[in-house]
Amino acid sequence: MNLQEFNAKVYPLKDKIFRFAKRMLEQNEEAEDIVQEVFIRLWKKKEELDRYRSVEALAMVTTKNLCLDKIKARKFPVESLDNQRQFIEKVAEEVKPDHSDLIFGVREAMKELSPSSRLIVHLRDIEGYEYDEIAEILDMQENAVRVSLSRARKQIREFLINTKMYEYQRN
Amino acid sequence: MNIKEIEDLLNKYYEGETSLQDENRLKDFFIKEDVPGHLKSHRAMFLFFASEAGLSLEEKKQEESLMRRIGQYKAEAYRAHAHPGKRKLYYLSGIAAGLFLLISLVFVIKNEFKHKPSAFLKSSSPDIAYIQTRQALLMVSVGLNTGIDAARRLNTLDKAVEQIQLVDKFFNYTNQFMNPDAMMNLSTKQ
């Protein structure tokens, strides 16, 4: 794969990679770093890329693994500052006019999910992957993906009902 | 779109039985403003998904630093490739320089001996050599004599200093006689 092909096929994945990394790391800057790291890994493999059935799945798997490494390396939480920044980010997002208060509840609900079902919801409902692709990326059985997706969707719904996050919308 | 249809799709959605197309229809439906009251509570989820899917990197900043890093990587790879040849050349040039220095040194030293042989080696006849040697030795002896003369003069200086010291001692003694206190002090000190 040469640079042109790389630019055409791999580079457009940047936002997907970024969102996936952000979902896992819950942090902007680290997610940005991950995007670059993923591209560099893929670029180093550029000779072999044509052999993969789906470069996109490879990119997502690479992203997942790099994020897991990053999370593992984090063990000693230096997070107070990050949390601060996240909070500021969140407030900034909330200020956006369009439905941000509605969305806020769902974001909180997503946080309540287990890490793996959070990723499944992300890959399916946000990125629109097929079940077999999700299974490949997360290294799971297709059926298990289906089951946890259904459970996670109901869980989000329940969270929203219990916290009455959507309530005012009725009026 | 039929409300009944949407309700069915929603049920299937929560069971994980919808296809991607079905889910896109749901998203389309819920993103629009005119959602009937009893379905509004599902709206937040689809709005969230839609807004999250729109999230993107800060293009320019990202692109710049990515290009920079790829550039770095390329440079590294290039260096790694270029290294072996360059290294060899580097060592070879070092060795060549060393050899050149050694050879030129040998030449210089040889030339020195060729062009400036000493006076003794130059004279061919033993008679001349003898005379020259005598002259040289004579010069040495004359030089030595003048040196000894100078040393003698040093000797007389030594004697003079001794006499001056005697005078010094004399003054010391007379002082003691003329100043008994000082003498007392001296004796107690002793």
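The values are calculated or read from the model by the stated rules, or taken from the named source; none is laboratory data. These figures come from a predicted structure and were not determined experimentally. Note that we place each Cβ from the backbone using ideal geometry, even for glycine, and neighbour counts take in every protein chain shown.
Below, the figures for the structure above:
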item: Filter pass, A:Ala57 being in a helix (DSSP H, G or I) and more than 11 Å from chain B (Cβ to nearest Cβ); result: yes
item: Every residue from the stretch B:51-74 that is modelled with pLDDT of 80 or more and either more than 10 Å from chain A (Cβ to nearest Cβ) or crowded, with 18+ Cβ neighbours inside 10 Å (or both); result: B:Ser51, B:Glu52
item: The stretch A:89-122 - residue that is at pLDDT 85 or above and in a loop (DSSP other than H, G, I, E, B) and, of those, nearest to the other protein chains (Cβ to nearest Cβ); result: A:Leu113
item: Elements of type helices (runs of 4 or more DSSP H) in the stretch B:83-190, at least 3 residues being modelled with pLDDT of 85 or more and surrounded by 10 or more Cβ atoms within 10 Å (Cβ to Cβ); result: B:126-178
